1. Mind giving me the nanometre distance, one decimal, between the label points for B:Val288 and B:Arg46, set 7 Å out from Cα along Cα→Cβ?
2. What's log10 of I(q)/I(0) for segment B:38-368 at q = 0.07, 0.08, 0.13 Å⁻¹, Debye sum over Cα points only, no solvent?
3. Enumerate the aspartates and glutamates that B:Lys227 could reach by cross-link, defined here as Cα to Cα under 19 Å, with residues fewer than 8 away along the same chain left out.
4. Based on the mean of other Cβ atoms within 10 Å per residue, sort peptides B:173-185, A:163-175, B:304-316 so the most packed one is first.
5. State, to one decimal in nm and shortest first, how far the label point of B:Gly96 sits from each corresponding label point in the other identical copies (label point: 7 angstrom along Cα-to-Cβ).
6. Under the definition of partner shielding as Cβ atoms of other protein chains within 10 Å of a residue Cβ, what is the mean value for peptide A:171-180?
7. Net charge near B:Val183, counting Lys/Arg +1 and Asp/Glu -1 over other residues with Cβ under 13 Å of its Cβ?
8. In segment B:178-247, with Lys and Arg counted as +1 and Asp and Glu as -1 at Cβ, which of these residues, B:Phe239, B:Ile182, B:Val224, has the Cα nearest the positive end of the dipole, that is, farthest along it?
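Read the figures in this text as sums done on the coordinates, not as results from a lab. All values derive from a computational prediction rather than experimental measurement. Cβ: placed from backbone, ideal geometry, glycine included. Neighbour counts: every protein chain shown.
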Protein chains: 2
Amino acid sequence: MLISQPIMPQSFPSKLMDATARPNVVEMTPQPSGALDVNALFAPIRPGLRQVEAKLCGVDSALFAPLADAFINLIGSGGKRLRPALALLAAELNGGMQGTPRYSAVIALGASVEMLHTATLVHDDVIDGSLLRRGAPTLNAHWSGVSTVLAGNYLFGTAARFSAETQNMRVIELFSDTLRTIVDGELRQLKDRYNFVQKKDNYYQRIYAKTASLFCAATQGAAVLAKLPEERIADLYQFGYNFGMAFQIVDDILDFIGDDTTLGKPAGSDLRQGTLTLPFFHYLHQHVDASSVIAILEAAQIEADNGDGAVWNEAVTGLVQDLRAGSAVEAAREEARIFLRRAVDNLAGLPDGLYRHSLQGLCEFVVRRTY
Amino acid sequence: MLISQPIMPQSFPSKLMDATARPNVVEMTPQPSGALDVNALFAPIRPGLRQVEAKLCGVDSALFAPLADAFINLIGSGGKRLRPALALLAAELNGGMQGTPRYSAVIALGASVEMLHTATLVHDDVIDGSLLRRGAPTLNAHWSGVSTVLAGNYLFGTAARFSAETQNMRVIELFSDTLRTIVDGELRQLKDRYNFVQKKDNYYQRIYAKTASLFCAATQGAAVLAKLPEERIADLYQFGYNFGMAFQIVDDILDFIGDDTTLGKPAGSDLRQGTLTLPFFHYLHQHVDASSVIAILEAAQIEADNGDGAVWNEAVTGLVQDLRAGSAVEAAREEARIFLRRAVDNLAGLPDGLYRHSLQGLCEFVVRRTY
């Protein structure tokens, strides 16, 4: 039964454990932020990205006006379109896709992964009740939770439609499997909230399912559409995996070290909502008395459960300050670099050139990004 | 752009308007309830239904235990499997599908439509907050709204996966379009709540999108998989449409005339939640002073909005009693019969035999059903 397939790539946890125990030599080192020009990296696929954009913004006519406006706001506020960009770059590694009739399938894949991403963001708004997302007011702030659920469902349907437009069975199956994997990750995250004695492995499983799986779908799907050999398809799956893991780790770091303006929410908001991320695991690991840290958090959480959140807020704020002052963030960043180093390695068997160069550049961008 | 396609079959509203203005001769007349043996009608496709059942119940292993149990409860409490049954019967009209390797695509279609139906039921639980569904406690009663949203998403993903397993591009596209149409119908329903001056056409649009579209997907999809000629595929689309419209009208009638035990909720619950259905439109149409009925409801609703729901509840309860005493229910039932008569007509160009006989029998079942 296809549904019972393992969520985790089997090679993953042990490898990472080795890597953290004795870090590899990592070439990429932190550099001044903002030095990397993402636009320049996207330049070779700019026409394709415009087509993806047009496809994404065409999703309004069937729905009545207020919702359509909300969609346009949300879809239009756009982020970096990183997932479609990865798909377009990966599809071009072997050359000859742009400008051919087959390229429309790559555009459909790019639109599909971005739409799926947007749909999960919409439902996340219901889930974490956060008030800002991409700097724009969320759908939830304008609409009731109910409409937000339905709006997300509509976007899921649209993403499914786009995936069908690839006209490629393997990509379509990839899409539906990825949707289920993402939900699995979100359920895991809910289940593990406020569990201060969970294993670090839970974290890796979670971020694979919640985030990296969609990057995998983008790059692996593109490789399938470009009719690359199976070995290269596997390489691009692994690239998406390593890239996505690093991306989420950096995201989790930024949640601790960012300020309210860049994040659009208070620092440490993941921990505040009970979600443990990599910097926290390193903080705990490095702490001289981890068990008393856990005891304090558990006690504070019980008080919060009983209606008094002040102790909890104080405990989290103190921990965030302490964590920022120590080396937990650097340890987490080191893990992101390891993943990205592996991502670069995954491209070794693919032709060198403009597109591979852009993918490599995006790896550097991820580790350096500050927003 | 495919997304901007019209939601309504263009032929529909005018035709129905004609029909209600001067009803056709309708052969089917109400008969004692329960006289029809659905199991006998399902007999020719029993082995297929068992395969659908096995496929539906195989959806647990990837998720952690508590959710899996909730799924099994919900999926297992099963309803009548009417949608898969229609697909299996339609696929067999021209003979020769059962027992062939191609039959697995029909099973996948049946599982897909039922899973999509279940996913929308799960999200409906969040939407209408109802506490009983199919007589079993809802997911929502056990889980928070958040988990329920995610559980629904997981089932959407599974339904998408099943649709991909048909390996038929047209069916896959049908699936994603249907998902979007259903959401559109639910959004329309939300938007039109407590709007007492809405047009009756809004009702037809709503129930097409919310209910009939999935029946269309079941029968049209089956016709596609059975490689019927285009004309017959169109017939089976129309059959699903007419059958589905009648099915929802009867559902809406039962909401007015059922008792608490059979419905699992108080009579008139649609109206109580502000959703206007066909019996209400007929009630209003037949009333000597419709505008004062509307005025009373509007005033009561404003009081309810201001926190005092007693007047609203009283108004609805009074209206339900008055409606049951009059002929609005019979007028609505007459419309259902017209749709079902048309559904039977849609089968005229298909080979007569066991499977067509079952589809015709199900039309009779719909108009006579009491639960």
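1. Placing both labels 7 Å beyond Cα along the Cβ direction yields 5.7 nm.
2. Results for segment B:38-368 at q = 0.07, 0.08, 0.13 Å⁻¹ read -0.30, -0.39, -1.00.
3. Here the aspartates and glutamates satisfying the reach criterion relative to B:Lys227 are B:Glu92, B:Glu165, B:Glu173, B:Asp235, B:Asp352.
4. Details: B:173-185: 24.5, A:163-175: 22.8, B:304-316: 14.2.
Ranked by mean Cβ neighbours within 10 Å, highest first: B:173-185, A:163-175, B:304-316.
5. Here B:Gly96 shows inter-copy label distances of 4.0 nm.
6. Numbers: counts 1, 10, 5, 1, 5, 12, 6, 1, 8, 11.
Rounded to a whole number, the mean comes out at 6.
7. Working: positive: A:Arg161, B:Arg180, B:Arg188, B:Lys191, B:Arg206, B:Lys210; negative: B:Asp124, B:Asp177, B:Asp184, B:Glu186.
Its environment carries a net charge of +2.
8. Value: B:Ile182.
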